[in-house]
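Data block below; observations after.
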Amino acid sequence: MKRIQLLVCAVLVCIASSALAQTPSVPIPPPNSDQARGRIAETLTKDVTAAEKLYAETSSTLKIAGLGLNGNTSYEEIRSCGFYPQESRLECVVEIKRPGGYGGPIGSAGTFEFVGFYVDFGGGWTYVGSGIVHITDGSGGTNFAVYRDWNPPGGLRTSNSGGSTTTTTSGPILKARARLQWAFPTTSATSPIIWGNTFDFAIRMMPVR
């Protein structure tokens with residue numbers, strides 16, 4: 001009798017295992033998918049604090065997954081960056097790729113594209129400021145300029161000591177980094193990006209004319 005019971009149990013286990021194997025798995029959308037973006041955009045219209053928390057959770061998931069410098073670039077992407085030395089201005093061109101996914105049409109709250117700028121003065125990345133541009137649906141196929149004016153440390157271009165200002169420089173070439181992210185700014189030069197990308201470029205200090 002016991003043998004029969006064991007045999008029946010074994011058959012039932014095999015049947016259950018076979019059924020599970022044949023059941024199609026439901027793919028879990030990645031944390032930077034269209035569904036996740038829509039959820040965050042909707043939450044932003046109701047509760048910014050709740051949206052920020054949801055964003056942080058998504059960012060943490062991406063970090064665990066080993067993602068970092070670049071995220072989903074199907075909505076927006078930095079295409080080029082440069083430096084205007086006479087105004088100490090770092091500037092990037094952000095391409096908006098889709099017709100929707102930016103928080104609503106013109107007249108609505110919309111959302112923001114944040115670009116954080118970093119410069120390496122020889123000891124690693126230093127945050128020098130950020131630029132922001134407001135985006136709404138219907139902007140697909142357009143380009144927006146985002147910039148930040150900043151004050152370089154003394155010695156790279158200017159000296160403000162004493163009663164006069166000099167604008168001599170040896171023209172050092174420095175590494176710069178721009179980090180684009182939709183809805184909320186990045187938190188460091190290497191933090192995970194959910195929607196957007198990182199763009200590294202070189203800049204050269206020049207005298208003021």
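The values are calculated or read from the model by the stated rules, or taken from the named source; none is laboratory data. No experiment lies behind these values; they were computed from the predicted model shown. Because the Cβ atoms are built from the backbone with ideal geometry, glycine has one as well, and the counts that use them run over all protein chains shown.
For the stretch 126-145, name all the residues that are of a type in the set (Ser, Thr, Tyr) and over 15 Å from VAL93 (Cβ atoms). Passing the criteria: THR126, TYR127, SER130, THR136. In the stretch 67-95, the residues that are basic (Lys, Arg) form Cβ pairs under 6 Å with partners that are exposed (fewer than 15 other Cβ atoms within 10 Å of the Cβ), at six or more places apart or across chains, as follows: ARG89/ASP149. Among the residues of the stretch 82-106, the one identified as aromatic (Phe, Trp, Tyr) and touching a Gly at 6+ places or on another chain (Cβ under 8 Å) is TYR102.
Of the residues VAL119, VAL115, only one is in contact (Cβ under 8 Å) with a residue 60 or more places away in the chain, in contact with a Leu (Cβ under 7 Å, 6 or more places away or on another chain) and either of a type in the set (Ser, Thr, Tyr) or within 29 Å of ASP34 (Cβ to Cβ) (or both); which?
Values: VAL119 fails: either of a type in the set (Ser, Thr, Tyr) or within 29 Å of ASP34 (Cβ to Cβ) (or both).
After applying the criteria, what remains is VAL115.
Go through the residues of the stretch 39-49 one by one and say whether even a single one is of a type in the set (Gly, Ala, Ser) and modelled with pLDDT of 80 or more. Yes, there is a match, as at least one residue in the stretch 39-49 is of a type in the set (Gly, Ala, Ser) and modelled with pLDDT of 80 or more.
Only one of the listed residues (PRO24, PRO31) is farther than 20 Å from ASP200 by Cα, touching an Asp or Glu at 6+ places or on another chain (Cβ under 9 Å) and modelled with pLDDT under 90. That residue is PRO31.
Restricted to the stretch 194-209, and to residues that are assigned to a loop (DSSP other than H, G, I, E, B) and over 16 Å from ILE132 (Cα atoms), which residue is nearest to the chain's Cα centre (by Cα)? Steps first, please.
The initial filter retains those residues of the stretch 194-209 that are assigned to a loop (DSSP other than H, G, I, E, B), namely 194, 196-197, 205-209.
From what is left, the residues that are over 16 Å from ILE132 (Cα atoms) are 194, 205-209.
Numbers: ILE194: 5, MET205: 27, MET206: 30, PRO207: 33, VAL208: 32, ARG209: 35 Å.
Step by step, filter the stretch 194-209, then rank; the result is ILE194.
Take THR142 and tell me if it is over 16 Å from GLU87 (Cα atoms), at pLDDT 95 or above and out of contact with any Pro (no Cβ under 9 Å at 6 or more places or on another chain). Yes.
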